[in-house]
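J.: The structure is given below, and queries will be raised subsequently.
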Amino acid sequence: MSGLGARLGALAEVVGDANMGHTRGSRKDRCERRGVAMPLSGVVQRLGLGWVGGVAALAFAGLAHGGVTPEQPGTTTLGPPSASWFIIKNVMGSASVFDAADGEMLGTLSLTPWTPTVSRHRERGEIYAAEVFYARQHDGERTDVLRIYAHETLAPVAEVPIPAKVASLHRNYMALLSGGRYVVVFNMTPAQSVSVVDVVERRFVGEISTPGCANTMAAGERGFLMVCGNGTLQWIGLDENGEEASRVRSEVFFDVDKDPLLGKPVASGGGWQFMTFEGQAMRASVADGSIVVSDAWSLMGEDDQGWRPGGTQPFTVHDELGLLVVLTHEGEKDTPDEAGTQAWVFHQEGQRRVGRIEFEEPVGAVHVVEGEVPLLLANSGSNVLVYELATGRLERTIETGRGGFLLSY
């Protein structure tokens, strides 16, 4: 050992002697034996820095004399997004952007723990997140805002204060409506309502009461669907000013007591794909201001007894190929959150299973990214497994270091 390393090692040994209370001669003697000059320690004492400060001061002094310039943090600018980009949102923190095509991490969105999803406006190059802040991190005065991030830097550029009622429970608590002007955010206090934000003029428009109904799923012209506690859907349409213009209900389409819905619908073909605990699948959309719900069909065949859908994100849809991918597990009744051991692939129109992927480890979430080569993402622990959707072949494993929600970019 020589140079700066030797001096640091020697000083650390002296520090150890002092902290351990050893008495192996005076400090001056120990310093002289190890080649550490006393004047530095005297300066440290006079400045009140203590031994830790002395080590830091010695290190920086060595760097300065060695002509080493400390590296300054920089900023990377993102180019046009690819269809293979996706977001993994840490359950209690930030979100990272990855490219499923090569596994590279592209950047990080510094979101609050109470932000389970984001929505990106493709043309405007903006990302929207309804976020909750507390003055003392986890308690104290609460502030809710719709925060706007720039695509190029993933940095916040604006925010709009909204009522401190945001129910940040799952990815369907916020929606960017058709036309791209209005974002709606679900509230629960426990009274249920929706806040409307104009992201063009950066202003809070107002609050709409929605008793007994939850979720916000963009559908129809400037409108959104909500799931209601009596087994129906509700659609609310806005006018050009962001005010409520119409409200309609569907007929009952599922039994809340006998076979409730999994609370994680996904966008599909201009509408939404729904699924029940027992594997009944149906789609809903809005046409001419009315809600249209398809007939239900079962994912389970005669030989599939004991198999059920489940997971934090139990199913996903590839619109272009018309494929529905469902996480399944063998389990007891009412196990909707249990991770899947297999992914079943269905042709939506044909209502039949066309493929099956078996996992070595349980998978909690699935998501598809569309592109030249459609890919299926499967979140297992701190890894995202990337499969070629057409063949079910594992292409790569992305070590994200975190679990969480898989979101489209």
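J.: Could you check region 215-252 and list, in sequence order, the residues that are within 29 Å of Asp334 (Cβ to Cβ) and surrounded by fewer than 18 Cβ atoms within 10 Å (Cβ to Cβ)?
T.: Gly229, Asn230, Gly231, Arg249, Glu251, Val252
J.: Please tell me if Val368 is of a type in the set (Val, Ile, Thr) and either part of a strand (DSSP E or B) or under 18 Å from Ala281 (Cβ atoms) (or both).
T.: Yes, satisfied.
Let's see how each residue does on (1) touching a Pro at 6+ places or on another chain (Cβ under 7 Å); (2) more than 23 Å from Val369 (Cβ to Cβ); (3) not aromatic (Phe, Trp, Tyr):
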position: Ser298; (1), (2), (3): no, yes, yes
position: Gln305; (1), (2), (3): no, yes, yes
position: Gly311; (1), (2), (3): no, no, yes
position: Phe315; (1), (2), (3): yes, no, no
position: Asp319; (1), (2), (3): no, no, yes
position: Gly322; (1), (2), (3): no, no, yes
position: Glu332; (1), (2), (3): no, yes, yes
position: Thr341; (1), (2), (3): yes, no, yes
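J.: Output the residue which, of all residues in region 371-399 that are assigned to a loop (DSSP other than H, G, I, E, B) and of a type in the set (Ser, Thr, Tyr), is farthest from Phe86 (Cα to Cα).
T.: Looking at residues that are assigned to a loop (DSSP other than H, G, I, E, B) and of a type in the set (Ser, Thr, Tyr), I get Thr391.
J.: Those residues that are over 20 Å from Thr276 (Cβ atoms), of a type in the set (A, V, I, L, M, F, W, C) and touching a residue at least 60 places away in the same chain (Cβ under 8 Å), I need them from region 220-249; list them, please.
T.: Leu238
J.: May I ask you to list pairs of residues, at least six apart or on different chains, whose Cβ atoms are under 6 Å apart, with the first in region 103-125 being over 15 Å from Leu407 (Cβ atoms) and the second being part of a loop (DSSP other than H, G, I, E, B)?
T.: Final answer for the pair search is Ser110/Ser94; Pro113/Met92; Pro113/Gly93; Trp114/Ser168; Gly125/His151.
J.: Select from region 116-146 the residues that are touching a Ser or Thr at 6+ places or on another chain (Cβ under 7 Å) and of a type in the set (Lys, Arg) and list them in ascending order.
T.: Matches in region 116-146: none.
J.: Of all residues in region 293-309, how many are free of Cβ contacts under 8 Å to residues at least 40 places away in the same chain and either surrounded by 14 or more Cβ atoms within 10 Å (Cβ to Cβ) or touching a strand residue (DSSP E or B) at 6+ places or on another chain (Cβ under 8 Å) (or both)?
T.: 8
J.: Shifting gears a bit: Scan region 95-110 and tell me whether some residue there is under 16 Å from the mean Cα position of the chain (by Cα), in a loop (DSSP other than H, G, I, E, B), of a type outside the set (Asp, Glu) and under 26 Å from Ser380 (Cβ atoms).
T.: Taking every residue of region 95-110 in turn, at least one turns out to be under 16 Å from the mean Cα position of the chain (by Cα), in a loop (DSSP other than H, G, I, E, B), of a type outside the set (Asp, Glu) and under 26 Å from Ser380 (Cβ atoms).
J.: Would you point out the residue of region 344-377, among those that are without any contact (Cβ under 8 Å) to a residue 40 or more places away in the chain and not charged (D, E, K, R), that is surrounded by the most Cβ atoms within 10 Å (Cβ to Cβ)?
T.: Ile357
Okay, residues lined up against (1) in contact with an Asp or Glu (Cβ under 8 Å, 6 or more places away or on another chain); (2) of a type in the set (Lys, Arg); (3) under 28 Å from Gly311 (Cβ atoms):
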residue	(1), (2), (3)
Leu154	no, no, yes
Ala158	no, no, no
Ile162	yes, no, no
Val166	yes, no, yes
Tyr173	no, no, yes
Gly180	yes, no, no
Val183	no, no, yes
Ala191	no, no, no
Val196	yes, no, no
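J.: Listed residues Leu169, Leu146, Leu176; which is under 28 Å from Thr210 (Cα atoms), touching a residue at least 24 places away in the same chain (Cβ under 8 Å) and surrounded by fewer than 18 Cβ atoms within 10 Å (Cβ to Cβ)?
T.: Leu169
J.: For residues that are under 20 Å from Arg222 (Cα atoms) and not in a strand (DSSP E or B), tally how many sit in region 278-310.
T.: 2
J.: Do we have any residue at all in region 261-275 that's out of contact with any Lys or Arg (no Cβ under 8 Å at 6 or more places or on another chain), in contact (Cβ under 8 Å) with a residue 60 or more places away in the chain, outside the structural domain of Asn215 (by TED's automatic domain parsing) and within 16 Å of Asn172 (Cβ to Cβ)?
T.: No: zero hits.
J.: Still on this structure, I have one more. Scan region 81-124 for residues that are acidic (Asp, Glu) and over 16 Å from Leu176 (Cβ atoms) and jot them down.
T.: Asp99, Asp102, Glu104
The values are calculated or read from the model by the stated rules, or taken from the named source; none is laboratory data. The shown structure was predicted, so the numbers you read here are calculated from the model rather than taken from an experiment. Note that each Cβ is placed from the backbone with ideal geometry, even for glycine, and that neighbours are counted across all protein chains shown.
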